[in-house]
1. Add -39500 (n - 2.57) for each DSSP H run of 4 or more in the protein assembly as shown, then divide by its residues: what number comes out at 222 nm, to the nearest 500 deg cm²/dmol?
2. For chain B, what is the relative contact order in percent, using Cα pairs closer than 8 Å and at least 6 residues apart in sequence?
3. Full-extension gain between B:LEU729 and B:ASP548, please, as 0.36 nm times their residue separation minus the C-alpha to C-alpha distance.
4. Take the Cα radius of gyration of region A:140-193 and divide it by 2.2 N^0.38 Å, with N its residue count; two decimals is plenty.
5. Taking a threshold of 23 Å on the Cα-Cα distance, which of the pairs A:LYS35/B:LYS116; B:LYS826/B:LYS863; B:LYS116/B:LYS228 fall above it?
6. Rank the residues B:SER62, B:SER531, B:SER614 as a footprinting-exposure proxy: fewest other Cβ atoms within 10 Å of their Cβ go first.
7. Any aspartates and glutamates with Cα under 18 Å of the B:LYS812 Cα? List them, leaving off those in the same chain fewer than 8 positions away.
8. Give B:LYS730/B:LYS772; A:LYS210/B:LYS66; B:LYS140/B:LYS230 a once-over and call out the pairs whose C-alpha atoms are over 18 Å from each other.
Amino acid sequence: MKKCHLFTAVLLLIKFLQNAALAQHYEAVDALRYKVMYQLTYLPDSGTKELTQQEYMTLQIGRDISVFQSYAGYVKDSLFVARKVWTMDSFNALEIIKKAPKSKFNYVIRKDISERNLTVESQILKDRIAYKEALVSDWVLLPDTLTVAGYLCQKATTTYEGRDYVAWFTTELPIADGPYKFGGLPGLIVRLYDSRRHYTFSLVEFRAIKTNQAIYLPQEKRTYVAKSKFYSLKKEADDSFHQMVQRMGINLTYTVGGVEQSAQEMDRLREDKVITNPMELPKK
Amino acid sequence: MNLRSSFRLLILGLFCILCQRKAVAQTVLTGIVSDSAAVQTPLPGSTITIQLPENPAIIAFSTTSKEGKFRLSVQNSVDSLLIKVSQLGYETYQKKIPNRSQDFTILLREQAIALKEVVVIPDPIRKDGDTLSYQVGAFKTAADRTLSDVIKRLPGVSVEPGGRIMYQGKAINTYYIEGLDLLGGRYNLANENLPVGAVTEVQVIENHQPIRILDSLVASESAAINIKLKNALATTGSARIGGGASPMLWDVSATPLLLTRKLQMLVSYQTTNSGNDISRQLQVLTQDEPLHQADQSQKRQFQTPTKIGAVLPIPTPPFSSLRWLRNSAHVASVNLLRKLPGNFELRLNISYLNDWQQKFSQQRTTFLTASETISIEEQNRIRAHTHSAVTEFLVRKNEAQKYFTNRLIIRGRWNSEQGRLQLSNTPIFQQQQQRGWSLENDYANTWRMGRQLFTHQSYTSFLRNPQSLWVEPAHVTGFAVDSSRWRSLVQDVQMITFTSSNSLSFTKKYGQFYTLTPTLDATIQYQTLGSEGFLQDSMRQMNQALPDFFNDIRWFLTKIGGRMMVEYRKNNWRWTATLPLTNYQFSIRFPENQEQSVNRLSLEPALNLSYNFSSNWQMSTSARRSLRFGQTEDLQQGFLLRNYRTLQRRDTPLPVSDLIALTWSTRYRNVLTGLFANALVLEQLSTNNVLLTNELGNSGVIVRTALAYRNVSRFRWLQTQIGKHIAALKTQVSAGYEQNWLMVPQRINEVDQTLYSQAASPFFKASGTLTKWLDLEYTFKTNLIRNSVNTIALERGVQYQNTLRAGIYPVKQLYMGIVTDFYQNKLLAYQNRQHFSDVNIRYTLPNRKIDIAASLNNVFNTKELVYLSANALSYSATIFSLRPRQFLVNVSFPF
């Protein structure tokens, strides 16, 4: 967080634009039945040893679908839903955005387990882009068992996008779901990690929802693109965020310590913590 | 089926052929899963698993399609299989089936099944960027009451006896409560009064830069602590009332803490005579922020102004004041922080202390000379009264774009001290008084102009420090007087210091990695020291002035300089270099128009280099040269009476020490394994233009003088510590070693000699929760003192200290604590063992959290304790008279 709060004000303004001024509406997509929290420990940069970071991720399981996203994103969405942001004045919206925790993973994975497919979506400025993919469910079962987080688990392995993964699932929770794009096992994945342990998801909470609650997602038109296009757009947003804003036709004046800066300059100055060791490795 | 699994099948087939073995039969199981209700709707998404009987591992599985159908194959030669079908909200179907291909129609009965819910307890220590979060629940024991009880147990954190919190061997720089610095360093007020139950998390923010505008520009090596409360908007705190015997004891305190979004307030009133040193709660334990760090030593003067003449002090014993401090103290403190619009913070801290302390001891002091051994024995009884008030008013704006602060501190003190001493049957009476006041104003303003950061600082202070010392009989001072006529010697001292220091600096980041901070500095300082001595007769009526004790020093210092600070940060490297060039101009006037002027231009560079091997392991090293000048009290033509048997007259050029210090340190911490370690080595070489000389008389009278003679002294310090938190056993183990080595040339009784002084202290500590009803803590510490003069080794002293604390909880609300200390001393002729025990019993009223505590301190009524201390001239064994056995009952309640 240290390096970037010079730009926080500007970023907030833009986030505000993207979330509040564009009046994002939310809709209930399914009834919420179970809520799972995973702790994600990851290595943002494989060049530096041991500089791992942590974040919480949530999996909301409904009757037909499930939604996996960062806990920070979930909290922000919940705040908006609770306060009915679309009726709120923009100042309050800005307050929410300011207070909500920040995440380095701003994707939302919506899984349809029985159809064995999923949708990955992400907000880039005013667009919500998405792509479809098959559930990662090609598992090899192994006879090993282990008690993880109080559940008796069995081991399974798979390979996905350049990494070999180990999953520990439990039939005590007969839900064929799990973190990220993984699922399709005869029980919930309690722990999942790649062989180099760059990404580890560990279940820290499993709760059954007894009251009437729903899973909410932004009610907005998704622009479906190819997976490769999705990531090239994301990269562009990471690298030249301010220029993208400008291209949108929004002309903002950036000032750093009273000196006017161009959007290009702002992008160059932005030392945003881009993850150079992504979970999905580019094909060699 | 994708290519990969086809390939796998092919390999399997080939393998079977090659082995020429009977191929394992493939069983294909198909079927449909539906609801058992009359309509029999198919159930998509049901899970079908196949296990071998009596083995929990699943060998094959499938889920039903939209139509509720499934198909799976099993390759195994066993006779029978176990099929299980499950679906959320339905009863699980299971059946043992023969191992052959078959088709099923499975009906599931609807049934609400509660799944096993789980909340994994968060890791006791979590790391998020630079912040380590300690879950208080994971570290606290049932005996803990206040926050300080648990803080000292956190791995990587240690608390000094005075209450200063150290993280990885370094003092913390800020203590926040819910992100706000309410107490301005007087954090014992919160630490010792906040109920542990009100706190959820203690966060350690590593490399914390308290000034936000400097964040990422100026690196910080120190950490800060932030206290997270259960309820961020709350009224909490604690109160205590108690009494006991003997003598008649009282112990009353109330410390409410109020937190709202805009306001934080902590008020405390405490009074006791139970030996609890509540005065230390008013001490500022943090160093000033980097912007205010100019003249740290100057500022310390204001907290405890120099005592020119003192009652012969008794070194304080190295353990809890409850055992030895005979006090009667009142402490009151009001701390208020208010957030104003525009991100301004207004803070007011007022504190008042009225403290009577008594100390009794018998001291055997051995002076270190090469030729002879002089030992004296003194019986010393001191009664000290500290009476002081401090008001601190602060306005601050601490933002990423702007930093502004102004702090005004006003102090007043009315201290007095009396000492009754017996030196081989001569009764000696000493009385010291120190009354005065001081004013300090500290201002800093940092703003951005273009890409640069400008900082203007101004520090102005005024200190009036008048004092007097009265010694009876006069002749014990070593000053020749007609003792038949004159009974006592009185010294009056007037000291005034005025300082004004201004600086302007700008900070700029060049490229991505460099930060440059050039600074211009100008300081003027005016000091006076005037002293008079006179003799009084037994009626205290006749006075005779002593011209030998007359001093009138007027000191004027102008310091003008510029310095350049460069900081470079890239990846895991960070280095800082400071290059100050300063011109010191001293003009010191003595009586009769005598004058000394010193004009010196000096370069005092400092280099600091640090490297992170990983996020867990850091190493840093630094080198620095600095000049240290003497003060007014180091420079005089007339005598100064420092204590009843020490006279001082240093008529030399202004003392200047040229110091070169090298340090090397490394820190390691692994949150996942709970392993913390650090090591530090310091080597300091000091070239002095003045040699301290001492004339030592037979009765221990010392006349301190000095000579203009170039000499070199050395100092080496080593400290290392390792600690581990074993989460599974709820145990912390730590061990460490500290050593210092000092070489000082001095002249005693006209003989040049070199003093070598060594002290080493290894320690070991383990604490843990062994069972639900037993906590144990064991500490072992050894102090080793060894001195030698030239090559003659003087006898060494060893002290072993063992402490065992046990906390027993026979039932939930009852706590029984037993503390046992065992000391063993070996020094010169002394060789003794001492043993103490304290017993505490506490009962907590159910639901109310009200504690009723009874304590019996010093069960064996041990009367005294022997311990060792040493300085450059002597070392002493002190037999300290302890508090007698006492019984105290307390009722305390958090609110």
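Each value in this text was obtained by applying a stated rule to the coordinates, not by laboratory testing. Since the model is a prediction, treat every value here as computed from it, not as a measurement. Here Cβ is always computed from backbone atoms with ideal geometry, including for glycine, and neighbour counts include all displayed protein chains.
1. Working: 11 runs with 97 residues, N = 1179.
My calculation for the protein assembly as shown gives -2500 deg cm²/dmol from helical runs alone.
2. Numbers: 2452 pairs, mean separation 66.0, N = 895.
Normalised by residue count, the contact order of chain B is 7 percent.
3. Values: separation 181, 0.36 × 181 = 65.16 nm, distance 6.85 nm.
Extending this stretch completely gives an extra 58.3 nm.
4. Details: Rg = 10.1 Å, N = 54, 2.2 N^0.38 = 10.0 Å.
So region A:140-193 has a normalised radius of gyration of 1.01.
5. Values: A:LYS35/B:LYS116 13 Å; B:LYS826/B:LYS863 19 Å; B:LYS116/B:LYS228 31 Å.
B:LYS116/B:LYS228, as the Cα separations exceed 23 Å there.
6. On the way: B:SER62 20, B:SER531 25, B:SER614 14.
Fewest-to-most Cβ neighbours within 10 Å comes out as B:SER614, B:SER62, B:SER531.
7. Qualifying aspartates and glutamates at Cα under 18 Å: B:ASP144, B:ASP775, B:ASP851.
8. Numbers: B:LYS730/B:LYS772 11 Å; A:LYS210/B:LYS66 27 Å; B:LYS140/B:LYS230 15 Å.
From the list (B:LYS730/B:LYS772; A:LYS210/B:LYS66; B:LYS140/B:LYS230), the Cα-Cα distance tops 18 Å for A:LYS210/B:LYS66.
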